[in-house]
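Working notes, beginning with the structure itself.
The values are calculated or read from the model by the stated rules, or taken from the named source; none is laboratory data. The shown structure was predicted, so the numbers you read here are calculated from the model rather than taken from an experiment. Ideal geometry is used to build each Cβ from the backbone, glycine not excepted, and the neighbour counts take in all protein chains shown.
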Amino acid sequence: MRQSTLFTKTRREAPKDEVSKNAQLLIRAGFVHKEMAGVYSYLPLGRRVLENIERIVREEMDRIGGQEIRMATLHPSEPWKQTGAWDNVDVLFKINSRTEKEYALGQSEEEIVTPIGQEYLNSYKDLPLKVYQIGQKYRDELRAKSGIMRGREFTMKDMYSFHATQEDFDKFYAEAKDAYLRVYDRVGLVAKATEASGGAFTTKLSYEFMVLTDAGEDDILYCGSCSYCTNVEVSEQKEGEKCTRCNGAGTLARAKASEVGNIFDLGTKYAKDFNVTYRTQDGTDALPIMGCFGIGITRLMGVVVEALSDAKGIVWPESIAPFRVHLIELSNGNKDVESEAAELYRELTAAKIPVLWDDREARAGEKFADSDLIGIPLRVIVSEKTVASGKFECVTRATGKVEHKSISELIGHLTHE
């Protein structure tokens with residue numbers, strides 16, 4: 001893409017009403033547009049990042065047997081009343097139509113997916129079933145804050161599983177936990193599987209996946225010697241105490257963290273609410289055990305910005321960056337430089353390497369500042385100096401490392417990583 005045709009522009013200052021780093025940087029760099037508190041539109045650069053995150057999530061959910069569907073976000077009120085959530089979920093958006101019917105905007109999908117399962121789960125041979133979707137969610141937050149990390153409208157991946165036995169569910173629960181950790185690793189984050197209560201969903205223990213960040217809304221305790229991590233609210237241990245999980249080998253530290261996903265054992269609650277049964281191998285009817293597995297897609301994007309940005313701007317991991325290469329043309333009217341930049345753009349595009357070509361008539365300092373703000377992993381500079389040497393200046397955004405490569409060396413490096 002030519003940056004001269006990109007309709008968004010960078011801005012020097014963020015809106016005064018934005019205090020979170022992720023919202024400030026994403027707005028300044030032209031990734032999102034704020035509509036109101038807790039609601040953002042995603043512009044071309046932001047959409048590309050979201051699609052890359054969704055691709056990674058899809059790959060990992062498909063890997064553990066998930067089947068993607070798309071569920072309605074406008075819900076009839078009846079299933080919500082049947083589970084008791086209509087009166088008990090305080091963040092539920094409720095709508096009264098002109099026909100005097102009541103509806104809800106989906107903030108989760110248990111009330112929709114369970115009746116769907118009821119229609120197709122007849123026998124133990126139909127189990128297990130794992131379905132997921134990536135779509136919009138709506139929550140009537142009293143105080144939307146933290147930019148795109150806590151909103152009233154957001155994108156979420158939610159998976160729901162149905163199992164014949166607790167043993168089978170526990171096996172899949174472990175598989176899903178591993179898949180979640182792979183997702184976070186692939187988007188450049190280190191997440192901790194944190195033990196917490198199930199909240200409004202279940203009384204059983206659940207896992208929340210937390211990334212350490214000063215912008216986090218949760219306080220956690222974690223061990224430096226083992227994988228033990230727990231939410232402070234449900235922990236009987238205190239900061240500085242020896243970890244009981246690894247027999248005192250490590251000490252518990254306290255930190256701020258941001259939730260980027262959760263998994264719940266729903267038990268048979270929703271199966272009971274909707275009278276969902278399946279025929280067992282011995283011919284009797286039984287209730288399936290259900291699980292719920294959520295990842296906030298837009299929230300994850302915000303956490304990446306919070307965790308990985310620096311004083312100059314965003315530092316996208318290559319796996320989710322809007323482009324892999326930011327091609328900076330410094331021609332100052334030199335036709336040889338313009339021609340070389342155009343040729344490099346053609347060859348990168350032909351090699352299927354996503355590239356943003358800054359072909360604007362702007363000062364070098366402005367282009368470099370914008371490149372730092374936007375945060376594409378590799379900056380490739382074409383100038384009179386590089387044309388003369390036959391080598392392009394290649395700067396890694398995350399480290400500042402500078403290398404000089406020919407076209408063939410650059411493309412070979414990018415296509416064989």
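Odds and ends about this structure:
- Of A193, A164, all but one fail to be assigned by TED's automatic domain parsing to the domain that holds M71 and modelled with pLDDT of 95 or more; the exception is A164.
- The range 81-108 residues that are touching a residue at least 40 places away in the same chain (Cβ under 8 Å), paired with ones that are part of a helix (DSSP H, G or I) (beta carbon under 6 Å, 6 or more apart): Q82/D273; T83/E111; T83/D273
- L92 meets all of the listed conditions (1) more than 22 Å from L266 (Cα to Cα); (2) surrounded by 20 or more Cβ atoms within 10 Å (Cβ to Cβ) but one, namely (1).
- Filtered residues of the range 89-120 (kept if more than 12 Å from P79 (Cα to Cα) and either of a type in the set (A, V, I, L, M) or part of a helix (DSSP H, G or I) (or both)): V89, V91, L92, I95, L105, G117, Q118, E119, Y120
- Screening the candidates V32, V39 for the property of being surrounded by fewer than 18 Cβ atoms within 10 Å (Cβ to Cβ), at pLDDT 95 or above, within 14 Å of I148 (Cα to Cα) and in contact with a strand residue (DSSP E or B) (Cβ under 6 Å, 6 or more places away or on another chain) yields one hit, V39.
- Within the range 298-332, the residues that satisfy the criterion of being assigned to a loop (DSSP other than H, G, I, E, B) and not small (G, A, S) are K312, I314, V315, W316, P317, E318, I320, P322, F323, R324, L330, N332.
Each row is one residue, and each column tells you yes or no for (1) more than 17 Å from A215 (Cβ to Cβ); (2) among the small types (G, A, S).
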{"position": "R2", "(1), (2)": "yes, no"}
{"position": "A14", "(1), (2)": "no, yes"}
{"position": "E18", "(1), (2)": "no, no"}
{"position": "N22", "(1), (2)": "no, no"}
{"position": "L25", "(1), (2)": "no, no"}
{"position": "V32", "(1), (2)": "no, no"}
{"position": "S41", "(1), (2)": "yes, yes"}
{"position": "G46", "(1), (2)": "yes, yes"}
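- When the range 362-390 is limited to residues that are modelled with pLDDT of 95 or more and part of a loop (DSSP other than H, G, I, E, B), the one that is surrounded by the most Cβ atoms within 10 Å (Cβ to Cβ) turns out to be G375.
- Filter result for the condition that a residue is in contact (Cβ under 8 Å) with a residue 12 or more places away in the chain, outside the structural domain of E51 (by TED's automatic domain parsing) and in contact with a strand residue (DSSP E or B) (Cβ under 9 Å, 6 or more places away or on another chain), over V337, V402: V337
- Matching residues, the range 43-55, being within 23 Å of S258 (Cα to Cα) and either without any contact (Cβ under 8 Å) to a residue 40 or more places away in the chain or among the acidic types (D, E) (or both): R47, E51, E54, R55
- Residues that are of a type outside the set (F, W, Y) and surrounded by 15 or more Cβ atoms within 10 Å (Cβ to Cβ), drawn from the range 79-89: P79, Q82, T83, A85, V89
- Strands (runs of 3 or more DSSP E) wholly inside the range 146-261 that include at least 2 residues being closer than 21 Å to Q133 by Cβ and in contact with a Leu (Cβ under 8 Å, 6 or more places away or on another chain): 153-163
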